[in-house]
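The values are calculated or read from the model by the stated rules, or taken from the named source; none is laboratory data. All values reported here derive from a predicted model rather than from experimental measurement. Cβ sites come from the backbone with ideal geometry, for glycine too, and all protein chains shown count toward neighbours. The accessibility values were calculated without ligands, DNA or RNA, using every heavy atom of the protein model including side chains. Shrake-Rupley method; radii C 1.70, N 1.55, O 1.52, S 1.80 Å.
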Amino acid sequence: MAAGIRNADPDALEEFYDYTSRKAFGLAYRVPGDSAAAEDAVQEAYVTLWRQRSKIDPARGSLTSLLMTVVHRRAIDALRSNRSRRTDVMSPALEYVAGGDADVAERVMSSIDGEEVRNALGTLPDEQRAPVEMAYFQGLTHVEIAAKLSLPLGTVKSRLRLALTKLRTALGAQAT
């Protein structure tokens with residue numbers, strides 16, 4: 001399918017959509033919890049994928065993983081946009097990307113197979129799981145998480161980094 005999409009074959013995109021759209025919508029819906037926003041995020045992700053098709057490189061990872069990463073980012077953008085519209089003032093903190101180990105975060109989010117990730121998240125202690133869920137499913141920044149949990153920013157970053165390392169190990173063990 002990746003080669004077909006890269007070569008601008010609309011049938012390949014349609015087949016890929018049929019294969020991945022439910023999973024993409026499920027991921028997008030988990031972030032804002034709004035079906036209209038989730039549908040928009042999924043549509044934007046497929047359009048982005050189509051427009052950027054010349055950059056698809058199967059050696060860098062699966063097409064499904066790439067799509068899920070784009071869907072997650074679009075859903076987070078929608079959540080932040082909606083939040084800023086409600087307050088009419090966009091906080092500079094919203095511009096702060098929930099960093100950490102971006103490579104690990106992308107692999108975790110792109111490997112959303114539901115059960116696998118829920119099991120891996122379940123292995124984390126509450127003090128690590130809460131910041132991960134706030135960052136990746138609620139779209140909160142490190143600064144916002146620190147404020148919500150009444151913790152220093154450095155503590156939040158450390159807990160996220162440790163949690164992502166544990167998730168990498170847990171998901172890697174499940175893949176083998």
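Filter the range 44-61 for residues that are free of Cβ contacts under 8 Å to residues at least 24 places away in the same chain and within 15 Å of the chain's Cα centre (by Cα) and give the result.
Within the range 44-61, the subset free of Cβ contacts under 8 Å to residues at least 24 places away in the same chain is 47, 51-52, 55, 57, 59-60.
Within the range 44-61, none qualify.
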Neighbours by Cβ (under 7 Å, 6+ apart or cross-chain): first from the range 150-164, touching a residue at least 60 places away in the same chain (Cβ under 8 Å); second in a loop (DSSP other than H, G, I, E, B):
L160/G100; R161/G100; R161/D101; L164/G100; L164/D101
Go through (1) open to solvent by less than 20 Å² (accessible area, probe 1.4 Å); (2) in contact (Cβ under 8 Å) with a residue 12 or more places away in the chain; (3) out of contact with any Asp or Glu (no Cβ under 8 Å at 6 or more places or on another chain) and name the single condition A41 misses.
(3)
Just to be sure before I move on: is K157 crowded, with 17+ Cβ neighbours inside 10 Å, charged (D, E, K, R) and in a helix (DSSP H, G or I) in the structure I sent?
yes
Looking at the range 4-18, which of the residues that are without any contact (Cβ under 8 Å) to a residue 24 or more places away in the chain and part of a helix (DSSP H, G or I) is surrounded by the most Cβ atoms within 10 Å (Cβ to Cβ)?
A12
Restricting the search to the range 52-73, which residues are open to solvent by 70 Å² or more (accessible area, probe 1.4 Å) and within 25 Å of G139 (Cα to Cα)?
Q52, L66, R73
Pick from A135, A146, A105, A120: which is buried (at least 19 other Cβ atoms within 10 Å of the Cβ) and either modelled with pLDDT under 50 or basic (K, R) (or both)?
A105
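Which of the residues that make up the range 1-36 are of a type in the set (S, T, Y) and more than 19 Å from S62 (Cα to Cα)?
Residues of the range 1-36 that are of a type in the set (S, T, Y), as a first pass: 17, 19-21, 29, 35.
Matches in the range 1-36: Y29, S35.
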